[in-house]
Structure formats: C-alpha cells, structure tokens
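> Once you've had a glance at the structure underneath, I'll fire off some questions.
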Amino acid sequence: LIMVKFVSYGPLAAALLAAPSVHAFFTPPSSTVVVKNQPKQQYSPLSSSSSHKKHDLAFNNNIPTTTSSLRSSSSSDINPYTSPQLDTDALLKYATSAITELTLFAATFQLLDLTFTQLLDLDSIPIPFAFLVFYGCSLKSRVFNPLNNQRPDRSKAVDGEGSSGFRDRVMPSWTPPGVTFPIMWVLIIGPIRAYSASLIVSTTGTFLSLPIMAFILHLTIGDIWNTINNTEKRYGAAVIGVLCVVLSAANASYQYYGVDPFAGKLLGGTLIWLCTAAALITDTWRLNPSSGEEGGLVPLYPVVGEAETSFMWFGNGESDDGEQ
C-alpha cells in the first residue's frame, strides 16, 4: 500500500518541489540573504593608482556612507548632475553677500578714521590697536557677511572627528591632522595678517585705503568660500573658490608691497599655506565624484539642486560655533 501511494504521488510531489515558488517556500529563512541598496565606494577615474585609493579609503574609514546623499536635491531624488545647470541664484547671493561685507567694512573703517582724526585728534593710529582690529577681522570677518560661513568645529577637528568641511567627505590620505588647522589659522595666519595690516595703517595713517580694502576683499572671498565648501558642500565650485582666495591674497600682498615692502612680503608668506589648502581642496574634489552609475567629477560651478544658498541673517541658515 505504501509503495502504491508513493508511486501515485511521487511525480506530483517532485513537480511541486521543482517549482521556484514552492522551493522558496520550503527553503529555511536563515539561508536566504537579500542585499538591498548596498552603498559602494566610488572614486574618480583620475585616481593615480589602486594603492592610493586604498590609502584614501583607510584614512576615511569613519566617513558615513550617507555622504553621497548630499549630492542630490533636498526636495527630490533627481540627480542634479545628470543635466547640470548653472545656479544663477546662488551666484547672485554670493555677489550680494560680497558687496554687503565690503560695504560694512568700509563704513566701519571710515568711522574709525573719523574717531582718531577728529574726535581723538591723534596724529597716528596706534599699532597695537590696529593689530587687535585686524586680528579680529581675520578670525571673525564673517560677522559682516549675511551667508552662513560656518567653519569646521575646532574641538572636533582637534579630536579627529568629522564636522562641516572636515572629514565629512572622502579626503586625501595626506590631509594634515585636525589640530594643524586651528594652529595655523589662529596662531600663525591670523597674527601675520594683523601685523602686516597694522603696518599699512601706520604708514598711511588711515584704516580706509586701497591696500586694506584689497585685504578685506581677500577675507570676503574666503568667507564666501567657506559657505560653498563647508555649508553647501559644492565640491566643484569650492575648487574655483579656493583659487580665488589664493589670487586675492596675492593681490593684497602686491598692494601692501607698494606701501610697505616688508608688509607685502609678510602677507605673501601666507600664500604657502593657502596653496597647500588649494591642493587639498582640489584633491578632495577628485575623490568625491557625483552620485550615480557613472560617478563623474562634479562640475566646477554651482549646480542647481546640489545645495540651497540662503542668507543666515534672515533666519534661513544655521549657525555654527566652529572656527576656521
């Protein structure tokens, strides 16, 4: 009887087990592994060698894999780099913020000149006072800029943690330690800028002058670059922006040299650090291609949809306590 039933139902059971749906039903759940949306590390085809890629990946092993989400629009899932369009609205806001910052600095310097020449009736402006004024300008020039010019958080950078503009993206393996940046900006670049500017003020006898405004233009471009690189994370536009920072520093040094050669050489020394920063930003752009299957390099201009440029003064931006 058993043999008869086996012969009768055997072929039917074999056919059912052979069916894919039934086979999946009888398969234990533990043996089924489904991988969905697994992020994949992408590198530009311009990378020099596989060993270089491995070093960059090892350096950035604590970078969140959601970094690529920053490449897409906040309002949709459409890749803005599929058909990139120039973000003219962002360019207009950059220009507006630059004019605003330059105007406010010029008005402030004019007020200081009137205070020393007419109210205090002094023949010259004390160098220590001028040094303090320009040291404050070097560290907090963004106070006069309506954009969100946040810097990487200094305490996080010292601890090697990620913050806006530092280790929140794939960075080159030769990136200096986080503690290097506050030392350079606060203890070296800041005092050099302040002392060289105070020498110009001491020579001209006024805060408001062409060489000083050339220096303020350099700070203004640096503030806008911080918005592009740190807040908006426009990796391509940041490359052009940092080159403008370098060129504006060279122009300010040239203007200084015409008044006081030593002050010009002193400010020109900061170009060593700025050129290093420009190389770092360029290499970071190379290591952070756009999202998608092709993963090409991000365009070297602001693209519509990759970020939203807003004025922090009107409540649309987010403040940050970090330093440059």
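> Using a basic spin-label model with each label point 7 Å from the Cα along Cα→Cβ, how many nm lie between residue 106 and residue 186?
With each label point 7 Å from Cα toward Cβ, the separation is 3.4 nm.
> Taking square-rooted eigenvalues a ≥ b ≥ c of the alpha carbon gyration tensor, is segment 216-296 rounded, prolate or oblate, where a/c under 1.5 means rounded and, failing that, a/b exceeding b/c means prolate? Intermediate values should be presented prior to the final figure.
Values: a/c = 4.04, a/b = 2.56, b/c = 1.58.
Prolate shape, in that a/c is at least 1.5 and a/b is the bigger ratio.
> Any chance you could check the Cα centroid distance between segment 102-122 and segment 210-266 for me, in angstrom?
Using only Cα atoms to place each centre, the spacing works out to 23 Å.
> Express in nm, to one decimal, how much length is gained between residue 282 and residue 313 on full extension, taking 0.36 nm for each residue of separation and deducting their alpha carbon distance.
8.1 nm is the gain from fully extending residue 282 to residue 313.
> Please give the FRET efficiency for residue 86 paired with residue 210, using the beta carbon to beta carbon distance and R0 = 45 Å, rounded to the nearest 0.05.
E between residue 86 and residue 210, to the nearest 0.05, is 0.90.
> Taking R0 as 25 Å, what's the FRET efficiency between residue 272 and residue 173 from their Cβ-Cβ distance, rounded to 0.05?
Values: r = 21 Å, r/R0 = 0.85.
In this case the efficiency is close to 0.75.
> Using packing as a proxy for protection, rank 256-268, 178-190, 224-236 so that the peptide with the highest average count of other Cβ atoms within 10 Å comes first.
Highest mean packing first, the order is 224-236, 256-268, 178-190.
> Starting from the 7 Å offset along Cα-to-Cβ, what nm value, one decimal, do you get for the label separation of residue 265 and residue 240?
3.7 nm
> Take the Cα pairs of segment 90-133, get the Kirkwood Rh, then feed it into Stokes-Einstein at 10 °C and 1.306 mPa s and tell me D in µm²/s.
130 µm²/s
Since every read-out is calculated from the coordinates, none of them should be taken as a lab result. In this text, all values refer to a predicted model and were calculated from it rather than measured experimentally. Cβ atoms come from the backbone with ideal geometry, glycine included; neighbour counts cover every protein chain shown.
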